[in-house]
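**Q** Below is the structure I would like to discuss, written out as C-alpha cells.
The values are calculated or read from the model by the stated rules, or taken from the named source; none is laboratory data. Quantities reported herein were computed from a predicted structural model and do not represent experimental measurements. As a convention, Cβ positions derive from the backbone with ideal geometry for all residues, glycine included, and neighbour counts pool all protein chains shown. All accessible areas refer to the heavy atoms of the entire protein, side chains included, with ligands and DNA or RNA removed. Shrake-Rupley method; radii C 1.70, N 1.55, O 1.52, S 1.80 Å.
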Amino acid sequence: MHILSRVAAATTAFVLVAVVANIGTTASADIQQFLDVGTVSVPRADCGPGSNPETGLQGDVPAEDRNSGRSAQGYSCNTSLVGGYRGQGGAITSTTFDHCSYTGSFFPGNLIGENRGVQVIDASDPANPVVSTSLTEPAMIGGTWETLKVNHERKLLVATAVPFVSGGGYISVYDIGDCAHPRLLNPGPGSNPSQPLPFLAHEGGFSPDGNTYWAASNGGGMLTAIDLADPSNPRVIWQGLTGIENHGFGVSPDGNSMYMSAAAGITVLDVSSVQRRDPYPQVPHVGRIFWTDGIFTQHSVPVTYDGVPHLFTVDEAGSGGVKLLDVSDVNDIAIDAKIKLEINLPQNAEANLRSSQGGSVFAYESHYCAADRPANPTALACGWISSGIRVFDVRDPAAIKEIAYYNPPALTGQNVTLTNSAHALASIIGIPALSFLSQGRAALEGRSNPANTITQRSGQVLFGDLSSDWCFSPPEWHGNQLWTTCSDNGFMVVQLDNDVYSVPADQQSTVGS
C-alpha cells in the first residue's frame, strides 16, 4: 500500500503540473481567472500645469529619490494641497462627515504626547484645519485600527478598541450632528471600562441604514452584528465564524448582502435575517470568488453600472491592486477589470523591491477606496500606501484610466515625533515583508531576478527610514476635493486641478461600510 500511495501521489502531482503547464489551452475560464496575474497597468495620468510628477514608474518612489532626499518634495499630478493637520501622525484609517474629519488612533503611540485618542478636526476652513476636541473613551484610546466609521444616514460615529491587529470589548457611539463636537451616546455598555461587550474586531462598519454595526475579526473569521437601533445601548444580536480569515467588507444598499473579504478574494454572506431582526438569524454563504493575484483582500465598495451590481474590491498586499467585480450572479462572480499601477506589475517586480527596501513592511499596495457616487460612479480615489492618493476615471469599466495623484512629502527620519503613525511604529522592521509573495511568484515565473534588486538600501532590514509616506485611508469626496489621512502627514485636503474631474450633481462619497 505504501508503494501504491507513492505512485498515486506522484501521478497526481504529474497531472497537476500538466494542467498548470497547459493552463492557457486546457483549463476552464474559472481556473484561468483564479491563476491570472494582471500584467497591464491603467494608462498614466496626463499631468497638467502645476504638477510635480513622478520620476520613475507609475506609483514608484525610486530608490534614488529616497536616497537623495527628492521624495521629501512629494509628487503631484493635477492636484494641489489646500491644507492639513499633521499632529503626531494619522494612525491607519480616518473618516469624515460634513466639515469634519476624525483621525484614528494607533496604540500605544497615541498615548504619548498631549493629543490622545481620536482627534476631531474641524475643516470648515479647508486651508486651516484645527483640532476641535479629542475623544478619549476606551475604544478611542485603545487603537481604532480600521474600525473608525461614520454612518451619514443617522449621523453616527463609531469605533472599537483594537490595540494590536485584533481587539474588541469596547465600542463608542457618538452623535455627530454637530460634527466638531461629537456627543457620546453610550456611557454604559461598551464604553464604561467595567461593561465590555463580547466581540472581537480588527475592522468594522455599518449597514447602510445605520442600525447595525458589524465587527470583523481577522483571526479565526469571527463576525459580530451589534444592534444600534438604540445607540445608547449597543448589544450583540448575532455572532458567528464565517471563514478562516475576515477583513473588511462592503454591504449592499438594502443591507441584505455582505461582501466579506477573505485571505484572497471575497465571500458573499446573506445577512438579511439580521437586517430583518429575525429572532434566530442565520448567515449563510451564498457566493464566493478567490484569486492568486493579490492577498489580504481589504474591503469592497458596492456600486452599480446601469443598474447592474458591481464591487470595487481592494487587495492590501501582493500587488493585487483593485478589481471591479460583477456580482449580479453571486454563483458566477466575474472580474470585469483590474486597476494596477506600473509598479504593481510582475514584470516590474525588481524595481518594486529595489525602491521599497528600507521602507518597512508595506510597499506599493492599495488599501481603501471611495467612489464618488454609488450609481454609475465617475471616479474612484484610493489610498495606495507608498504610492499616495491615486484617482481614476471609472465611467467606462472597460477603459479605466488614472487622472490624478498626490503622494505627500516623505518625512524621512522623523520617526520619533510621529507617535501616532502606524508607519513610524512599524518601521522597526525595514523589509517590505508583505510584498514577498508577489516577489516570489515573479521570480518563479522568470520575470524577476532577486540578484538585480540588491542596492545600498538592501541592508535596511531594521528601522525603516520613512522615505515615503503610507496612505491607508479612503480619500473621501468633498466636491472637487479629497479629504484623507496618511500615516505620517496626517489629515490633508487635496484639490483636483486642471479640470480633470467634473463634480456630479449627485456626488455621494461611497466607501462601502
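**Q** Which condition from (1) among the charged types (D, E, K, R); (2) touching a residue at least 12 places away in the same chain (Cβ under 8 Å); (3) assigned to a loop (DSSP other than H, G, I, E, B) is the one that Asp396 breaks?
**A** (2)
**Q** Could you tell me which of the residues Thr144, Thr136, Thr96 is open to solvent by 10 Å² or more (accessible area, probe 1.4 Å), among the hydroxyl-bearing types (Ser, Thr, Tyr) and out of contact with any helix residue (DSSP H, G or I) (no Cβ under 8 Å at 6 or more places or on another chain)?
**A** Thr136
**Q** Filter the range 398-422 for residues that are in contact with a strand residue (DSSP E or B) (Cβ under 8 Å, 6 or more places away or on another chain) and open to solvent by less than 40 Å² (accessible area, probe 1.4 Å) and give the result.
**A** Residues satisfying the conditions are Ile400, Glu402, Ile403, Ala404, Tyr405, Tyr406, Asn407, Pro408, Asn420, Ser421, Ala422.
**Q** List every residue pair whose Cβ atoms sit under 9 Å apart, with the two residues 6 or more apart in sequence or on different chains, where the first one lies in the range 234-252 and is within 12 Å of Thr297 (Cα to Cα) and touching a residue at least 60 places away in the same chain (Cβ under 8 Å) and the second, anywhere, is among the charged types (D, E, K, R) and outside any loop (DSSP other than H, G, I, E, B).
**A** Close Cβ pairs (under 9 Å, with a partner that is among the charged types (D, E, K, R) and outside any loop (DSSP other than H, G, I, E, B)) amount to His247/Glu146; His247/Glu203; His247/Glu316; Gly248/Glu146; Gly248/Glu203; Gly248/Glu316; Phe249/Glu203.
**Q** Go through (1) surrounded by 19 or more Cβ atoms within 10 Å (Cβ to Cβ); (2) under 22 Å from Ala370 (Cα atoms) one by one and return the number of the condition Arg154 breaks.
**A** (1)
**Q** Here's something else I'd like to know. Kindly check whether there is at least one residue in the range 262-270 that is in contact with a His (Cβ under 9 Å, 6 or more places away or on another chain) and farther than 30 Å from Asn344 by Cβ. Step through it out loud before you land on a result.
**A** So the first thing to find is which residues in the range 262-270 are in contact with a His (Cβ under 9 Å, 6 or more places away or on another chain), and the list is 262-263, 267-270.
Of the ones still in play, those that are also farther than 30 Å from Asn344 by Cβ are 270.
Checked the range 262-270: at least one residue is in contact with a His (Cβ under 9 Å, 6 or more places away or on another chain) and farther than 30 Å from Asn344 by Cβ.
**Q** Next question. Mind checking which residues of the range 333-357 are open to solvent by 40 Å² or more (accessible area, probe 1.4 Å) and outside any helix (DSSP H, G or I)?
**A** Asp336, Lys338
**Q** Here's something else I'd like to know. If the requirement is being assigned to a strand (DSSP E or B), farther than 24 Å from Tyr368 by Cα and not aromatic (Phe, Trp, Tyr), which of these qualifies: Ser76, Ser101, Ser80, Ser132?
**A** None of the other options fit; the residue is Ser132.
**Q** Of Gly243, Gly320, which residue is in a loop (DSSP other than H, G, I, E, B) and open to solvent by 30 Å² or more (accessible area, probe 1.4 Å)? Give the steps one after another, and end with the answer.
**A** On the way: Gly320 fails: open to solvent by 30 Å² or more (accessible area, probe 1.4 Å).
Gly243 is the lone residue from the list that is in a loop (DSSP other than H, G, I, E, B) and open to solvent by 30 Å² or more (accessible area, probe 1.4 Å).
**Q** Now for a separate question. Out of Val308, Val330, which single residue is without any contact (Cβ under 8 Å) to a residue 60 or more places away in the chain, surrounded by fewer than 24 Cβ atoms within 10 Å (Cβ to Cβ) and hydrophobic (A, V, I, L, M, F, W, C)? Break it down into steps so the answer makes sense when it comes.
**A** Details: Val330 fails: without any contact (Cβ under 8 Å) to a residue 60 or more places away in the chain.
Only one candidate passes the filter, namely Val308.
**Q** Continuing with this model, one more query. Of all residues in the range 374-384, which are within 13 Å of the chain's Cα centre (by Cα) and small (Gly, Ala, Ser)?
**A** Scanning the range 374-384 gives Ala381, Gly383.
**Q** Hey, Ser387 hits all of (1) within 23 Å of Ala264 (Cα to Cα); (2) more than 20 Å from the chain's Cα centre (by Cα) but one; which does it fall short on?
**A** Failing condition for Ser387: (2).
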